[in-house]
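Contents: one structure, followed by commentary.
The values are calculated or read from the model by the stated rules, or taken from the named source; none is laboratory data. Only a predicted model underlies this, so the values are computations on that prediction, with no experimental measurement involved. FYI the Cβ positions are ideal-geometry reconstructions off the backbone, even for glycines, and counts take in every protein chain you see.
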Amino acid sequence: MAITKEKKKEIVSNLEKIIADSGSVVFVNFHGLLVSDASSLRRSLIEDKVGFLVTKKTLLKKVLNDSKIEGEIPDLEGELALSFGRDSIAPARDVYKFQKELGKVSILGGIFEGKYKSKKEMTEIASIPSLEILRGMFVNVINSPIQRFAISLNEITKIKN
């Protein structure tokens, strides 16, 4: 069934708002994704406050061509959805995690910091650990010299006793 012009205008304005308001947008190919898997993907994305929207490529390309995003639009193959959110890394990280688990979705590219990114670049962004993990790694780096110093002092006291 064809979409009316009013509905297309509504979809285009929604896409423009998503692209303008999001920290990053990930283009996702979800070909072959079962409904149950799509539901679990949406649930996991909602937990991280990430949106997931299935869209028509022609309408998205119209919005992307009219936007002022730098770079070249990546190839949008297959059935297309957008993963987006205010957090710059969460959309890519969550889709990538789901991609590794099931393999039925794939990252096609995205928009990060106002620039188009390729599939490879978005996959690299997706592999950045979460803020909590980075904080833990930082604390471990700071704690390591102190811990080594304490072990050294303990060994010295064992030798002297």
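PHE30: at pLDDT below 90, of a type outside the set (Val, Ile, Thr), surrounded by 15 or more Cβ atoms within 10 Å (Cβ to Cβ) and over 24 Å from PRO129 (Cβ atoms), yes or no?
In short, yes.
Within the stretch 2-17, identify whether any single residue is surrounded by 15 or more Cβ atoms within 10 Å (Cβ to Cβ), touching a strand residue (DSSP E or B) at 6+ places or on another chain (Cβ under 7 Å) and touching a residue at least 40 places away in the same chain (Cβ under 8 Å), and answer yes or no.
No, the stretch 2-17 has no match at all.
Before we move on, is LEU41 farther than 27 Å from ILE3 by Cα, surrounded by 14 or more Cβ atoms within 10 Å (Cβ to Cβ) and modelled with pLDDT under 90?
It is false that LEU41 is farther than 27 Å from ILE3 by Cα, surrounded by 14 or more Cβ atoms within 10 Å (Cβ to Cβ) and modelled with pLDDT under 90.
When only residues in the stretch 44-69 that are part of a loop (DSSP other than H, G, I, E, B) and among the hydrophobic types (A, V, I, L, M, F, W, C) count, which is surrounded by the most Cβ atoms within 10 Å (Cβ to Cβ)?
My answer is VAL50.
Exactly one of these conditions fails for VAL141: (1) β-branched (Val, Ile, Thr); (2) within 13 Å of PHE27 (Cα to Cα); (3) over 26 Å from the mean Cα position of the chain (by Cα). Give me its number.
Here VAL141 clears every test but (2).
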